[in-house]
Amino acid sequence: MDRSNKPSAIGVGASIPQPTVNFHDNKVQATLPTGESVTVHLYGATVTSWKLANGKEQLFVSEKAHLDGSKPIRGGIPVVFPVFGPPPSNHATSSLPQHGFARNSNWEFLGKSSSESLGKDRKEGDDAVKLDFGLSHPMLSEEFQKAWPYQFGLVYSVTLTKEGLETSLQVQNKGEQNFEFQVLLHTYLSVEDISQVRVKNLQSKEYADKTQGGAVQTEASSAVEIDKETDRVYKSLDPKVPIEVTTVSDDKPLFSVTREALTDVVVWNPWIEKAKGMADFGPDEAYKNMICVEAGSVAGWQTLEAGESWEGGQTIRPRL
Ligand code: BG6
(Lines give C-alpha, C1' and ligand atoms only; values in the text may rest on other atoms or scores of the structure.)
Protein backbone atom coordinates (compact mmCIF):
# COMPACT_ATOMS: atom_id res chain seq x y z
CA MET A 1 0.00 0.00 0.00
CA ASP A 2 1.27 3.41 -0.88
CA ARG A 3 1.30 5.47 2.28
CA SER A 4 3.14 8.59 1.25
CA ASN A 5 1.82 10.38 4.33
CA LYS A 6 3.11 7.86 6.80
CA PRO A 7 4.96 9.58 9.67
CA SER A 8 8.45 8.69 8.44
CA ALA A 9 7.79 10.66 5.25
CA ILE A 10 7.36 13.90 7.17
CA GLY A 11 10.52 15.98 7.48
CA VAL A 12 12.07 15.42 10.91
CA GLY A 13 12.56 19.17 11.43
CA ALA A 14 8.86 19.86 11.00
CA SER A 15 8.02 18.57 14.47
CA ILE A 16 10.76 20.53 16.27
CA PRO A 17 9.35 23.64 17.95
CA GLN A 18 10.69 26.92 16.56
CA PRO A 19 11.64 30.12 18.37
CA THR A 20 8.85 32.71 18.22
CA VAL A 21 9.43 36.34 17.32
CA ASN A 22 6.84 39.10 17.83
CA PHE A 23 7.13 42.69 16.73
CA HIS A 24 4.70 45.19 18.24
CA ASP A 25 4.70 48.55 20.07
CA ASN A 26 8.16 49.36 18.67
CA LYS A 27 9.74 46.39 20.37
CA VAL A 28 10.80 42.93 19.26
CA GLN A 29 10.40 39.97 21.55
CA ALA A 30 11.88 36.53 20.86
CA THR A 31 11.33 33.35 22.86
CA LEU A 32 13.08 30.01 22.49
CA PRO A 33 11.00 26.83 22.74
CA THR A 34 12.87 26.12 25.99
CA GLY A 35 11.57 29.40 27.50
CA GLU A 36 14.49 31.86 27.31
CA SER A 37 13.44 35.27 26.00
CA VAL A 38 14.78 38.63 24.95
CA THR A 39 13.10 42.00 24.32
CA VAL A 40 14.63 44.78 22.24
CA HIS A 41 13.19 48.30 21.96
CA LEU A 42 13.71 49.92 18.57
CA TYR A 43 14.56 53.09 20.46
CA GLY A 44 18.31 52.73 20.82
CA ALA A 45 18.05 49.04 19.79
CA THR A 46 18.18 48.70 23.57
CA VAL A 47 17.85 45.16 24.92
CA THR A 48 15.43 45.74 27.81
CA SER A 49 14.91 42.19 29.01
CA TRP A 50 16.76 38.90 28.91
CA LYS A 51 15.17 36.05 30.82
CA LEU A 52 16.38 32.53 31.44
CA ALA A 53 14.15 29.47 30.98
CA ASN A 54 13.17 29.71 34.67
CA GLY A 55 11.88 33.25 34.09
CA LYS A 56 14.74 34.95 35.94
CA GLU A 57 15.54 38.42 34.56
CA GLN A 58 19.27 38.93 33.90
CA LEU A 59 19.28 42.65 33.11
CA PHE A 60 18.52 45.60 35.36
CA VAL A 61 16.07 48.24 34.11
CA SER A 62 15.24 51.20 36.35
CA GLU A 63 11.60 51.45 37.41
CA LYS A 64 11.75 55.07 36.30
CA ALA A 65 13.31 54.37 32.91
CA HIS A 66 11.66 56.26 30.03
CA LEU A 67 10.44 53.70 27.51
CA ASP A 68 8.64 56.22 25.28
CA GLY A 69 11.63 57.44 23.28
CA SER A 70 11.94 60.70 25.21
CA LYS A 71 15.28 59.78 26.83
CA PRO A 72 17.87 57.00 26.55
CA ILE A 73 16.63 53.92 28.41
CA ARG A 74 18.11 53.66 31.93
CA GLY A 75 18.97 49.99 31.97
CA GLY A 76 19.24 46.93 29.76
CA ILE A 77 21.92 47.27 27.09
CA PRO A 78 22.05 50.76 25.55
CA VAL A 79 24.44 51.03 22.58
CA VAL A 80 26.96 53.84 22.95
CA PHE A 81 28.20 55.23 19.57
CA PRO A 82 30.10 57.19 18.19
CA VAL A 83 31.44 58.74 21.41
CA PHE A 84 31.75 57.50 24.98
CA GLY A 85 31.06 59.97 27.79
CA PRO A 86 31.03 63.70 27.25
CA PRO A 87 32.43 64.39 23.76
CA PRO A 88 35.82 66.12 23.75
CA SER A 89 35.84 69.68 22.44
CA ASN A 90 37.81 69.97 19.19
CA HIS A 91 36.70 66.54 17.98
CA ALA A 92 34.21 65.63 15.21
CA THR A 93 31.82 64.37 17.91
CA SER A 94 31.93 67.57 20.00
CA SER A 95 28.33 68.64 19.24
CA LEU A 96 26.83 65.27 20.20
CA PRO A 97 25.28 64.45 23.57
CA GLN A 98 27.04 62.26 26.16
CA HIS A 99 27.39 58.68 24.80
CA GLY A 100 26.45 59.76 21.25
CA PHE A 101 23.24 59.21 19.31
CA ALA A 102 22.78 55.44 18.90
CA ARG A 103 20.98 55.01 22.23
CA ASN A 104 18.55 57.82 21.48
CA SER A 105 17.69 57.16 17.85
CA ASN A 106 14.98 54.96 16.35
CA TRP A 107 16.49 51.88 14.72
CA GLU A 108 14.79 49.60 12.23
CA PHE A 109 14.19 45.89 12.69
CA LEU A 110 15.96 44.13 9.82
CA GLY A 111 14.64 40.65 10.61
CA LYS A 112 15.39 37.40 12.37
CA SER A 113 17.44 34.33 11.64
CA SER A 114 16.92 31.05 13.45
CA SER A 115 19.19 28.07 14.16
CA GLU A 116 18.92 26.60 10.67
CA SER A 117 19.85 29.77 8.89
CA LEU A 118 22.60 30.37 11.43
CA GLY A 119 24.13 27.17 10.07
CA LYS A 120 23.67 25.12 13.22
CA ASP A 121 23.18 21.39 13.13
CA ARG A 122 19.94 21.62 15.04
CA LYS A 123 18.66 19.07 17.52
CA GLU A 124 15.61 19.53 19.71
CA GLY A 125 16.28 22.10 22.42
CA ASP A 126 19.34 23.37 20.59
CA ASP A 127 17.98 26.70 19.48
CA ALA A 128 19.21 30.12 18.67
CA VAL A 129 17.51 33.20 17.37
CA LYS A 130 19.29 36.24 15.98
CA LEU A 131 17.60 39.63 15.68
CA ASP A 132 19.18 42.28 13.45
CA PHE A 133 18.69 46.03 13.80
CA GLY A 134 19.93 48.84 11.56
CA LEU A 135 20.70 52.52 11.87
CA SER A 136 22.12 54.82 9.20
CA HIS A 137 22.75 58.52 8.73
CA PRO A 138 19.48 59.37 6.91
CA MET A 139 17.52 57.81 9.82
CA LEU A 140 18.97 60.23 12.38
CA SER A 141 17.18 63.36 13.57
CA GLU A 142 18.13 66.50 11.71
CA GLU A 143 20.02 67.68 14.78
CA PHE A 144 22.18 64.54 14.93
CA GLN A 145 22.69 64.52 11.14
CA LYS A 146 24.15 68.01 11.40
CA ALA A 147 26.20 67.25 14.49
CA TRP A 148 27.87 64.19 12.91
CA PRO A 149 27.70 64.44 9.12
CA TYR A 150 29.26 61.06 8.27
CA GLN A 151 27.57 58.45 6.07
CA PHE A 152 27.64 55.43 8.36
CA GLY A 153 25.66 52.21 8.70
CA LEU A 154 25.26 50.20 11.90
CA VAL A 155 23.99 46.64 12.07
CA TYR A 156 23.40 45.44 15.61
CA SER A 157 22.77 41.73 16.11
CA VAL A 158 21.25 40.27 19.26
CA THR A 159 21.54 36.48 19.45
CA LEU A 160 19.75 34.50 22.12
CA THR A 161 20.75 30.92 22.88
CA LYS A 162 20.16 28.64 25.84
CA GLU A 163 23.74 29.30 26.91
CA GLY A 164 23.71 33.08 26.79
CA LEU A 165 23.21 36.34 24.99
CA GLU A 166 25.47 37.72 22.30
CA THR A 167 25.28 41.30 21.07
CA SER A 168 27.51 42.50 18.28
CA LEU A 169 27.81 45.67 16.27
CA GLN A 170 29.01 46.16 12.74
CA VAL A 171 30.02 49.70 11.81
CA GLN A 172 30.21 50.58 8.11
CA ASN A 173 31.67 53.71 6.58
CA LYS A 174 29.48 54.30 3.53
CA GLY A 175 30.87 57.74 2.80
CA GLU A 176 33.98 59.12 1.19
CA GLN A 177 35.60 60.50 4.31
CA ASN A 178 37.29 58.57 7.11
CA PHE A 179 35.69 58.89 10.53
CA GLU A 180 36.65 58.14 14.12
CA PHE A 181 34.39 56.42 16.59
CA GLN A 182 34.16 54.88 20.03
CA VAL A 183 31.69 52.15 20.89
CA LEU A 184 30.41 50.57 24.09
CA LEU A 185 27.75 48.03 25.04
CA HIS A 186 26.48 49.64 28.24
CA THR A 187 25.21 46.47 29.92
CA TYR A 188 23.28 46.79 33.20
CA LEU A 189 23.49 43.34 34.84
CA SER A 190 20.94 42.48 37.50
CA VAL A 191 22.33 41.36 40.87
CA GLU A 192 20.46 40.61 44.08
CA ASP A 193 22.87 42.41 46.37
CA ILE A 194 25.90 44.38 45.17
CA SER A 195 27.73 43.68 48.46
CA GLN A 196 27.63 39.97 47.64
CA VAL A 197 29.31 40.13 44.23
CA ARG A 198 32.88 40.65 43.04
CA VAL A 199 34.33 41.45 39.63
CA LYS A 200 37.19 39.19 38.55
CA ASN A 201 40.00 39.04 36.00
CA LEU A 202 40.93 42.71 36.23
CA GLN A 203 43.92 42.38 38.56
CA SER A 204 47.06 44.30 37.51
CA LYS A 205 45.17 46.04 34.69
CA GLU A 206 45.35 49.80 34.26
CA TYR A 207 42.21 51.84 34.61
CA ALA A 208 41.15 55.47 34.45
CA ASP A 209 39.21 56.29 37.60
CA LYS A 210 36.45 58.67 36.49
CA THR A 211 35.50 59.33 40.12
CA GLN A 212 39.02 60.81 40.52
CA GLY A 213 39.14 62.99 37.41
CA GLY A 214 40.40 60.10 35.27
CA ALA A 215 43.51 59.38 37.40
CA VAL A 216 45.23 56.27 36.08
CA GLN A 217 45.47 53.43 38.60
CA THR A 218 46.49 49.80 38.53
CA GLU A 219 43.94 47.31 39.79
CA ALA A 220 45.30 45.70 42.94
CA SER A 221 42.44 43.34 43.63
CA SER A 222 41.78 39.90 42.14
CA ALA A 223 38.13 40.27 43.18
CA VAL A 224 36.91 43.87 42.92
CA GLU A 225 34.33 44.80 45.53
CA ILE A 226 31.87 47.59 44.79
CA ASP A 227 31.33 49.48 48.05
CA LYS A 228 31.22 53.08 46.80
CA GLU A 229 30.61 55.04 43.61
CA THR A 230 32.62 53.18 40.99
CA ASP A 231 33.33 54.42 37.46
CA ARG A 232 36.42 52.81 35.98
CA VAL A 233 37.62 52.39 32.42
CA TYR A 234 39.90 49.33 32.29
CA LYS A 235 42.09 49.42 29.21
CA SER A 236 43.81 46.99 26.88
CA LEU A 237 42.28 43.78 28.17
CA ASP A 238 42.44 40.45 26.38
CA PRO A 239 38.87 40.06 25.02
CA LYS A 240 39.07 36.28 25.31
CA VAL A 241 39.57 36.42 29.09
CA PRO A 242 36.08 36.66 30.56
CA ILE A 243 35.21 39.41 32.98
CA GLU A 244 33.39 37.50 35.68
CA VAL A 245 30.84 38.78 38.15
CA THR A 246 30.99 36.17 40.91
CA THR A 247 29.01 35.62 44.09
CA VAL A 248 30.89 35.76 47.39
CA SER A 249 29.01 32.77 48.84
CA ASP A 250 30.39 30.24 46.37
CA ASP A 251 32.99 32.20 44.36
CA LYS A 252 31.26 31.12 41.13
CA PRO A 253 30.37 33.31 38.14
CA LEU A 254 26.93 34.82 38.01
CA PHE A 255 27.89 36.33 34.65
CA SER A 256 30.86 35.81 32.42
CA VAL A 257 31.50 38.34 29.64
CA THR A 258 33.83 37.59 26.73
CA ARG A 259 34.39 40.07 23.94
CA GLU A 260 35.37 40.29 20.28
CA ALA A 261 37.48 43.30 19.26
CA LEU A 262 36.38 45.20 22.38
CA THR A 263 39.49 45.63 24.51
CA ASP A 264 38.18 48.06 27.15
CA VAL A 265 35.69 47.41 29.94
CA VAL A 266 33.90 50.00 32.05
CA VAL A 267 32.73 49.00 35.53
CA TRP A 268 30.10 51.42 36.82
CA ASN A 269 27.82 51.70 39.82
CA PRO A 270 26.45 55.16 40.73
CA TRP A 271 26.08 54.30 44.43
CA ILE A 272 23.76 56.19 46.80
CA GLU A 273 24.11 59.91 46.01
CA LYS A 274 24.50 59.67 42.22
CA ALA A 275 21.57 57.22 42.06
CA LYS A 276 19.38 59.71 43.93
CA GLY A 277 20.52 62.46 41.58
CA MET A 278 19.37 60.65 38.41
CA ALA A 279 15.73 61.46 37.73
CA ASP A 280 15.23 58.24 35.76
CA PHE A 281 16.88 55.94 38.31
CA GLY A 282 14.62 54.26 40.76
CA PRO A 283 13.88 53.26 43.36
CA ASP A 284 16.76 55.05 45.12
CA GLU A 285 18.00 51.79 46.62
CA ALA A 286 18.15 50.05 43.23
CA TYR A 287 21.87 50.79 42.92
CA LYS A 288 22.21 47.65 45.08
CA ASN A 289 20.58 45.56 42.36
CA MET A 290 22.80 46.41 39.41
CA ILE A 291 26.31 46.47 38.14
CA CYS A 292 27.31 47.80 34.75
CA VAL A 293 30.00 45.80 33.00
CA GLU A 294 30.39 47.60 29.70
CA ALA A 295 32.44 46.07 26.90
CA GLY A 296 33.81 48.71 24.58
CA SER A 297 36.48 50.36 22.56
CA VAL A 298 36.67 53.71 24.32
CA ALA A 299 40.21 54.37 25.52
CA GLY A 300 41.18 55.78 22.11
CA TRP A 301 39.42 56.08 18.73
CA GLN A 302 38.84 53.58 15.98
CA THR A 303 39.47 55.11 12.57
CA LEU A 304 37.23 53.72 9.87
CA GLU A 305 38.32 54.43 6.34
CA ALA A 306 35.87 55.17 3.55
CA GLY A 307 34.18 51.98 2.37
CA GLU A 308 35.51 49.92 5.29
CA SER A 309 33.67 48.16 8.09
CA TRP A 310 34.49 47.10 11.64
CA GLU A 311 32.84 44.59 13.96
CA GLY A 312 32.93 43.97 17.69
CA GLY A 313 30.71 42.34 20.28
CA GLN A 314 30.20 40.54 23.56
CA THR A 315 28.88 37.20 24.76
CA ILE A 316 27.33 37.10 28.22
CA ARG A 317 27.00 33.71 29.85
CA PRO A 318 24.71 33.58 32.87
CA ARG A 319 24.69 31.13 35.75
CA LEU A 320 22.52 28.24 34.57
C1 BG6 B 1 29.11 55.05 32.22
C2 BG6 B 1 30.09 56.18 32.46
O3 BG6 B 1 29.47 54.33 31.11
O4 BG6 B 1 27.81 55.62 32.04
C5 BG6 B 1 29.63 57.04 33.62
O6 BG6 B 1 31.39 55.66 32.67
C7 BG6 B 1 28.23 57.53 33.40
O8 BG6 B 1 30.53 58.12 33.78
C9 BG6 B 1 27.33 56.34 33.13
O10 BG6 B 1 27.80 58.24 34.56
C11 BG6 B 1 25.87 56.71 32.86
O12 BG6 B 1 25.78 57.66 31.87
P13 BG6 B 1 24.38 58.27 31.46
O14 BG6 B 1 24.65 59.27 30.38
O15 BG6 B 1 23.53 57.12 30.98
O16 BG6 B 1 23.80 58.89 32.70
Some residue of segment 300-307 being among the polar types (S, T, N, Q), modelled with pLDDT of 95 or more, surrounded by fewer than 18 Cβ atoms within 10 Å (Cβ to Cβ) and not in a strand (DSSP E or B):
no
Of the conditions (1) within 22 Å of Ser89 (Cβ to Cβ); (2) more than 16 Å from the ligand (Cβ to nearest atom), the single one that Leu184 does not satisfy is (2)
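Kindly indicate whether Gln182 is of a type outside the set (Val, Ile, Thr), touching a residue at least 60 places away in the same chain (Cβ under 8 Å) and outside any strand (DSSP E or B).
Considered against the rule, which asks whether it is of a type outside the set (Val, Ile, Thr), touching a residue at least 60 places away in the same chain (Cβ under 8 Å) and outside any strand (DSSP E or B), Gln182 comes out as no.
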Applying the selection to segment 258-268, what residues are under 14 Å from Ser190 (Cα atoms) and either in contact with a Lys or Arg (Cβ under 6 Å, 6 or more places away or on another chain) or crowded, with 23+ Cβ neighbours inside 10 Å (or both)?
Val267
Checking Lys146 against (1) of a type outside the set (Phe, Trp, Tyr); (2) more than 19 Å from Val83 (Cβ to Cβ); (3) not in a strand (DSSP E or B), which single condition isn't satisfied?
(2)
Test: Gln177 is more than 19 Å from Gly76 (Cα to Cα) and either in a loop (DSSP other than H, G, I, E, B) or under 14 Å from the mean Cα position of the chain (by Cα) (or both)
yes
From the list Asp250, Asp227, Asp280, Asp231, which one is within 13 Å of the ligand (Cβ to nearest atom), within 26 Å of Glu57 (Cα to Cα) and assigned to a loop (DSSP other than H, G, I, E, B)?
Asp280
Meets criteria (touching a Lys or Arg at 6+ places or on another chain (Cβ under 9 Å), in a loop (DSSP other than H, G, I, E, B), within 14 Å of the ligand (Cβ to nearest atom) and within 21 Å of Val265 (Cα to Cα)) for Pro72
yes
Which is part of a strand (DSSP E or B), within 16 Å of the ligand (Cβ to nearest atom) and farther than 18 Å from Val83 by Cα, of Leu189, Leu160?
Leu189
Filter segment 283-299 for residues that are surrounded by fewer than 16 Cβ atoms within 10 Å (Cβ to Cβ), touching a residue at least 12 places away in the same chain (Cβ under 8 Å) and away from the ligand (no atom under 16 Å from the Cβ) and give the result.
Pro283
Which members of segment 198-224 meet the condition of being outside any loop (DSSP other than H, G, I, E, B), surrounded by 16 or more Cβ atoms within 10 Å (Cβ to Cβ) and of a type in the set (A, V, I, L, M)?
Val199, Ala208, Val224
Which one is nearest to the ligand (Cβ to nearest atom), of the residues in segment 75-106 that are of a type in the set (Gly, Ala, Ser) and more than 20 Å from Pro149 (Cβ to Cβ)?
Gly85
Quickly run through segment 171-189 and pick out the residues that are closer than 22 Å to Val47 by Cα and surrounded by 19 or more Cβ atoms within 10 Å (Cβ to Cβ).
Val171, Phe181, Gln182, Val183, Leu184, Leu185, His186, Thr187, Tyr188, Leu189
Out of curiosity, is Ser236 more than 30 Å from Glu36 (Cα to Cα), in a loop (DSSP other than H, G, I, E, B) and touching a residue at least 12 places away in the same chain (Cβ under 8 Å)?
yes
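The values are calculated or read from the model by the stated rules, or taken from the named source; none is laboratory data. Computed from a predicted model, the values in this text were never measured in an experiment. When we count neighbours, we look across all protein chains shown, and the Cβ atoms used for this are built from the backbone with ideal geometry, even at glycine.
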